[in-house]
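The block underneath contains the structure these notes are about, expressed in structure tokens.
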Amino acid sequence: MEKVLEFLKKAGVWYLATVDEEGNPQVRPFGAQNIFEGKLYIQTGLKKKVAKQMLAHPQIAISGMADGKWLRLNAEAVHDERIEAQQSMLDANPSLKSMYAAGDGNTAVFYLKNAKAEICSFTAEPEVIRF
């Protein structure tokens, strides 16, 4: 899991895919990640469509590139409403503090459950990481 976290940090911007209310895939750039209590978390605003999509259809996919390799990750996004999880994410990603605050009713953090990540390249077999 730590290797996936470091990969996402190196990528800087990575892409999150969700499913909308009509069953269509929706992809958008993200860049906030954190490990809290042994789980990999991502963050968004609870009022955004992406949060509503993850709450309705928790199966997500993440993709990103760094150092000539790419990441493919599939997981279940689980909403964690605890203030401590929100604060940990904000502390790990201080740029978010200009838009979000723990307990503000909008900050939403999701941890990834039953995750399968593959780190791929053109020159080696994929490295599979499950958590």
Worksheet item: Counting only protein heavy atoms and using a 1.4 Å probe, what share of the accessible area of the chain belongs to carbon plus sulfur, as a whole percent?
Response: 52
Practice prompt. Take each of the peptides 105-116, 80-91, 12-23, average the number of other beta-carbon atoms within 10 Å over its residues, and list them starting from the highest.
Written response: 105-116, 80-91, 12-23
Response to the item:
For residue 3, the aspartates and glutamates lying under 12 Å Cα to Cα, once residues fewer than eight places off in the same chain are dropped, come out as 118, 127
Discussion item. So if I take the centroid of the Cα atoms in segment 101-127 and the same for segment 45-89, what is the distance between those two points in Å?
Written reply: 6
Worksheet entry | Rg over Rh, two decimals, the chain (C-alpha only, Kirkwood Rh) | 0.96
Fill in: Cβ-defined net charge surrounding residue 66, 10 Å radius [Lys, Arg +1; Asp, Glu -1]
+1
Practice prompt. Find the Rg to Rh ratio for segment 24-79, where Rh is the Kirkwood radius over alpha-carbon pairs and Rg uses the same atoms.
Written response: 0.96
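The values are calculated or read from the model by the stated rules, or taken from the named source; none is laboratory data. Because the structure is a prediction, the values reported are computed rather than measured. For neighbour counting, all protein chains shown are included, and Cβ atoms are generated from backbone atoms with ideal geometry for every residue, glycine included. Protein only, heavy atoms only, side chains kept; ligands, DNA and RNA dropped before computing areas. Shrake-Rupley method; radii C 1.70, N 1.55, O 1.52, S 1.80 Å.
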